[in-house]
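First comes the structure, then the notes that go with it.
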Amino acid sequence: MESGLRSIGELARDSGLGVSALRFYDGAGVLGPAWVDPRTGYRWYGADQLADARLLCRLRRVGLPLADIRAVLGAAPGSGAAHRVVDAHLRRLEDGLADARRELSLIRDLIDQRENPMTAASTAYDLTVPARELAAALDAVRFAVSADPELPMLSGVLFDLDGGLLRLVATDRYRLALAEVPVPGERSTEASVAAIVPTALVDALRALLGSGGDQARLTLGDGLVRAETGGHRIEGAALGHDYPDYRSLVRLDPVHRAGVPAADLREAVESGVTRTLPSGPHGTACEATVLAFDPDGRLTVAAEAAEPAPGGLRVAVNRDFLLDAVRAGGPEQLVLEVGGPIAPLAVRTEGRAGTFSILMPIRVPDGV
């Protein structure tokens, strides 16, 4: 045995990783041994692998996903790739902590209401936003509302007031749309309330916003939704369901990013080649469009679902869903982002960072 090799037990002791963890990371292709005894199958590690093992131990402690751990250990020295992966994970952790604080604040309110039902304070909030911006936000998300009667919690638009932002969210599980409307005023910075506005009330609100008023006053909370603008007023009951946590879904780490005029993309998708899938979203047949990203940031509608060129990427999505997202983005320049062939595709409107759609990818079988 060469003197420079460490046994798996020695590496485990010196790195802080357990023997079972080292075996797992070997099988996962993250950190393999320098030599395996062909007779006993015992693993031996090189002296230079101790640094990687110690780094792996730290990455594991902070909950870095396996794919990201692999990316950090495989990053070329001096490329900055490892730092970018770690920085992105830190942002996710910080966002998760903010979400936890927000949820715990709401939990405390619910506990107070449960323990003191007769004295619990009202959780309704009044806010005033520009009518035109609210109308644009509704237009950006309305298409993604679910029509599935078995998912009543998705049959409306979530109005989520979070400090100085009102977020509108809609999803049918296969796509998600989000739009943000700034809420002026000091009082809004501490406000936090959410309400699921049913589809019929959403459509009535959108019609109301076209009545000519410059400002729209909303009241959210206590199970009610009220809107006033241009001398007109509507109100109705919010849906009594818990909306799924959307925040974790919108934290994307795009690898490929391409800008394209909305009109050009729409024309290319409408006239481009598609593949018919017998069972798509909602269990029905659908047409899939394959988008090709090249290493230089150019985007095309691919004629085939073959392997991309080196450094490029291809991702397939529901054609109709993609067209809905393009139309909702408006006539401006769009930016499409994706992290991989099985990662969600984000469709953003340039200059409107808080308004975008997310489409789940589709696997196109060979021969289709």
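The values are calculated or read from the model by the stated rules, or taken from the named source; none is laboratory data. Because the structure is predicted, anything quoted here is derived from the model rather than measured. Note that we place each Cβ from the backbone using ideal geometry, even for glycine, and neighbour counts take in every protein chain shown. Accessible surface areas use protein heavy atoms only, side chains included; no ligands, DNA or RNA. Shrake-Rupley method; radii C 1.70, N 1.55, O 1.52, S 1.80 Å.
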Within the range 161-189, work out how many residues are open to solvent by less than 40 Å² (accessible area, probe 1.4 Å) and farther than 23 Å from LEU345 by Cα.
7
Is there any pair linking a residue in the range 55-80 that is closer than 18 Å to ALA343 by Cα and open to solvent by 50 Å² or more (accessible area, probe 1.4 Å) to one that is part of a helix (DSSP H, G or I) and modelled with pLDDT of 90 or more, with Cβ under 7 Å and at least six apart or on different chains, and which?
none
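Quick one: is ASP87 closer than 28 Å to PRO244 by Cα, modelled with pLDDT under 90 and among the charged types (D, E, K, R)? Give the derivation first.
Values: closer than 28 Å to PRO244 by Cα: yes; modelled with pLDDT under 90: no; among the charged types (D, E, K, R): yes.
Criteria not met by ASP87.
Output the number of residues of the range 237-257 satisfying the condition of being farther than 30 Å from PRO65 by Cα and crowded, with 16+ Cβ neighbours inside 10 Å. Write out each step before concluding.
Residues of the range 237-257 farther than 30 Å from PRO65 by Cα: 237-241.
Okay, now just the ones that are also crowded, with 16+ Cβ neighbours inside 10 Å, so 238-239.
Count: 2.
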ALA12 fails exactly one of (1) at pLDDT 90 or above; (2) open to solvent by 60 Å² or more (accessible area, probe 1.4 Å); (3) among the small types (Gly, Ala, Ser), namely (2)
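Take the range 82-93 and flag every residue that is free of Cβ contacts under 8 Å to residues at least 12 places away in the same chain and either loosely packed, with under 14 Cβ neighbours inside 10 Å or not in a helix (DSSP H, G or I) (or both). First the steps, then the outcome.
Initial filter on the range 82-93 (free of Cβ contacts under 8 Å to residues at least 12 places away in the same chain): 82-84, 87, 90.
Scanning the range 82-93 gives HIS83, ASP87, LEU90.
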Can you confirm whether GLY297 is more than 16 Å from VAL347 (Cβ to Cβ), modelled with pLDDT under 80 and open to solvent by less than 60 Å² (accessible area, probe 1.4 Å)?
no
Scan the range 22-33 and tell me whether some residue there is within 30 Å of the chain's Cα centre (by Cα), surrounded by fewer than 16 Cβ atoms within 10 Å (Cβ to Cβ) and not small (Gly, Ala, Ser).
yes
The condition of being closer than 30 Å to ASP214 by Cα, open to solvent by less than 60 Å² (accessible area, probe 1.4 Å), touching a Leu at 6+ places or on another chain (Cβ under 9 Å) and modelled with pLDDT under 90 holds, among ALA131, ALA124, only for ALA124
Just a yes or no: is a residue in the range 181-199 without any contact (Cβ under 8 Å) to a residue 12 or more places away in the chain and in contact with a strand residue (DSSP E or B) (Cβ under 7 Å, 6 or more places away or on another chain)?
no
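On the phi > 0 side of the Ramachandran plot and either touching a residue at least 12 places away in the same chain (Cβ under 8 Å) or not aliphatic (A, V, I, L, M) (or both): does that describe GLY18?
When the stated conditions are applied, GLY18 does not pass them.
Looking only at the range 105-117, which residues are part of a helix (DSSP H, G or I) and open to solvent by less than 90 Å² (accessible area, probe 1.4 Å)? It would help to see each step written out before you state the result.
Keep residues of the range 105-117 that are part of a helix (DSSP H, G or I), which gives 105-115.
Hits for the range 105-117 are SER105, LEU106, ILE107, ASP109, ILE111, ASP112, GLN113.
Each row is one residue, and each column tells you yes or no for (1) outside any strand (DSSP E or B); (2) within 11 Å of THR289 (Cβ to Cβ); (3) open to solvent by less than 20 Å² (accessible area, probe 1.4 Å).
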residue	(1), (2), (3)
VAL317	no, yes, yes
PHE321	yes, yes, no
ALA325	yes, no, yes
LEU336	no, no, yes
ILE342	yes, no, no
Considering only the range 34-58, how many residues are part of a loop (DSSP other than H, G, I, E, B) and either touching an Asp or Glu at 6+ places or on another chain (Cβ under 7 Å) or among the charged types (D, E, K, R) (or both)?
3
On the basis of being open to solvent by less than 60 Å² (accessible area, probe 1.4 Å), of a type in the set (D, E, K, R) and modelled with pLDDT under 90, does ASP99 make the cut?
yes
From GLY213, GLY156, GLY230, GLY223, residue being open to solvent by less than 40 Å² (accessible area, probe 1.4 Å), among the small types (Gly, Ala, Ser) and farther than 21 Å from ALA325 by Cα:
GLY213
Expected output for the range 346-368 (first residue farther than 15 Å from ASP253 by Cα, partner at pLDDT below 75 and assigned to a loop (DSSP other than H, G, I, E, B), Cβ below 8 Å, 6+ apart or cross-chain) is ILE362/GLY280; VAL364/ALA305; VAL368/ALA305
Pull up the range 137-153, narrow it to residues that are of a type in the set (Gly, Ala, Ser) and surrounded by fewer than 23 Cβ atoms within 10 Å (Cβ to Cβ), then point me to the one that is farthest from PRO182 (Cα to Cα).
ALA147
